[in-house]
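Read the structure below first, then the notes.
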Amino acid sequence: MIFKRALRRELLSTAGAVFTTLFMITITFMLIRILAQAAGGKIASEDVLVLIGYASLDYVPIILILTGFISVLLVVTRSYQDSEMVVWFASGLSLTDWIRPVLGFALPIVGLVGALSLVVSPWANKQREEVTSRYEKRTDIAKVAVGKFQEWSSSGHVSFVEEISADMKEIKNIFINQVKDGRTTVIVAKQGKIEIDVHGDKFLVMSKGQRYDGLPTEGDFQTMQFEKYAVLVSSANVPAAGAQSAKSLSLQSLVSDPSPIRDGELLWRISLPLMGLLLMLLAIPLGFVNPRVGRSANLIVALVVVAINLNALNSLQALVVQGRLRFWQATWPLHATVFCLICGYFLWRLQLNSRWHPSGIWCRLKYCIKLKSDASTLDTTAGAL
């Protein structure tokens with residue numbers, strides 16, 4: 001009982017340190033990526049912190065799975081290295097007695113992963129899509145950064161605006177550069193405004209300006225003046241249903257209206273908590289290490305195991321989305337394989353001292369080979385004498 005209580009405390013303290021480290025690394029990478037999107041004009045700068053919060057909720061289930069797996073692995077490995085496992089076994093306890101305290105540590109994490117993957121993450125993805133779409137629906141004048149060169153969305157134009165009117169309806173002193181089919185076009189105008197046609201396409205309508213086609217050193221260089229000139233800023237966005245939009249659907253929507261894309265998303269959400277539970281159980285026999293060697297090999301194996309599981313789950317999800325596998329056909333193979341691996345690994349570690357264990361058979365085989373070699377050496381020596 002004392003061992004199990006100490007084990008729970010150590011698991012919790014290790015999990016806290018591992019989760020903090022993984023979460024900070026994830027937040028750092030998300031911050032870099034979202035700031036790059038904001039700098040490129042894809043999202044509003046005031047929405048950066050909000051989008052980081054929503055994105056973090058989407059990544060927390062994976063972080064929790066890694067936290068539980070790495071925490072159990074580190075605690076088991078340290079127990080072997082510090083010879084605490086010898087005391088554990090000498091007290092009449094076996095490796096299977098680790099299952100109950102590890103389950104007590106794992107089940108709350110698995111429940112939290114299930115709640116996040118089934119409910120919270122879809123809500124966060126929906127909110128993130130709404131924030132992004134709200135910015136996309138704004139007129140491009142509202143997106144203009146005064147005094148900076150900026151690329152207009154999906155049009156290939158690079159523009160520079162010196163001033164925006166107070167009512168946000170007109171821009172003044174415009175410079176636009178476009179390279180198309182190897183030919184450079186430069187447009188300058190005193191003022192302009194955004195207009196949307198009946199098809200929903202956005203145009204920048206400029207007045208009182210000049211257009212320059214080509215380079216002054218080329219023979220086909222052209223220049224012209226205009227009173228009114230329109231440039232396509234962006235085409236109407238047609239929302240398409242795909243795998244990305246399925247991430248924002250609720251669990252009820254996925255179940256009530258099945259399709260290959262929605263079944264693939266449902267497979268991902270259901271598999272995460274099961275994967276977390278099985279990986280934490282697998283960490284118990286996987287944590288075995290020789291006290292005289294380091295723990296680097298175990299950590300490398302752990303990373304490989306997690307990578308294989310996630311890649312296998314992604315592959316099964318892709319097969320379901322492509323319609324090559326049905327939902328029920330892709331649900332069980334990965335988890336059944338991991339469960340069999342857990343059982344086999346436990347049997348390997350539990351029967352380590354058995355004479356029929358593969359390592360025992362190999363030791364006896366080497367011993368027999370050595371005896372035969374020694375006998376042959378003795379016979380040779382006796383013959384020489």
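The values are calculated or read from the model by the stated rules, or taken from the named source; none is laboratory data. This one's a predicted model, so the numbers in the text were calculated from it and none came from an experiment. Glycine also receives a Cβ, built like all others from the backbone with ideal geometry; neighbour counts cover every protein chain displayed.
The combined condition, being loosely packed, with under 12 Cβ neighbours inside 10 Å and modelled with pLDDT of 85 or more, is not fulfilled by Val293. The residues listed here are Val113, Val102; of these, the one that is at pLDDT 90 or above, closer than 15 Å to Asp58 by Cα and in the same structural domain as Phe288 (by TED's automatic domain parsing) is Val113.
Residues in region 88-102 that are in contact with a Leu (Cβ under 9 Å, 6 or more places away or on another chain), surrounded by fewer than 21 Cβ atoms within 10 Å (Cβ to Cβ) and in contact (Cβ under 8 Å) with a residue 24 or more places away in the chain: Trp88, Ser94, Leu95, Thr96, Ile99, Pro101.
Of all residues in region 20-57, those satisfying the criterion of being outside any helix (DSSP H, G or I) and out of contact with any strand residue (DSSP E or B) (no Cβ under 9 Å at 6 or more places or on another chain) are Lys42, Ile43, Ala44. The single residue among Pro101, Pro108 that is within 27 Å of the chain's Cα centre (by Cα) and under 19 Å from Glu10 (Cβ atoms) turns out to be Pro108.
When we screen Tyr367, Tyr345 for residues that are hydroxyl-bearing (Ser, Thr, Tyr), within 30 Å of Val102 (Cα to Cα) and modelled with pLDDT under 85, the only hit is Tyr345. Between Leu251, Leu267, the distinction of being under 24 Å from Thr132 (Cβ atoms) and among the aliphatic types (A, V, I, L, M) belongs to Leu251 only. In region 135-181, the residue that is modelled with the highest pLDDT out of those that are in contact with an Asp or Glu (Cβ under 7 Å, 6 or more places away or on another chain) and over 26 Å from Val48 (Cα atoms) is Asn173. Restricted to region 28-53, and to residues there that are touching a Phe, Trp or Tyr at 6+ places or on another chain (Cβ under 9 Å) and of a type outside the set (Asp, Glu), the residue that is modelled with the highest pLDDT is Met30.
Which is at pLDDT 85 or above, assigned to a helix (DSSP H, G or I) and either on the phi < 0 side of the Ramachandran plot or touching a helix residue (DSSP H, G or I) at 6+ places or on another chain (Cβ under 7 Å) (or both), of Ser248, Ser253? The unique qualifying residue is Ser253. Criterion first (touching a Ser or Thr at 6+ places or on another chain (Cβ under 9 Å), in a helix (DSSP H, G or I), modelled with pLDDT of 85 or more and within 30 Å of Lys148 (Cβ to Cβ)) does Leu74 satisfy it? For Leu74, the condition - touching a Ser or Thr at 6+ places or on another chain (Cβ under 9 Å), in a helix (DSSP H, G or I), modelled with pLDDT of 85 or more and within 30 Å of Lys148 (Cβ to Cβ) - is not met.
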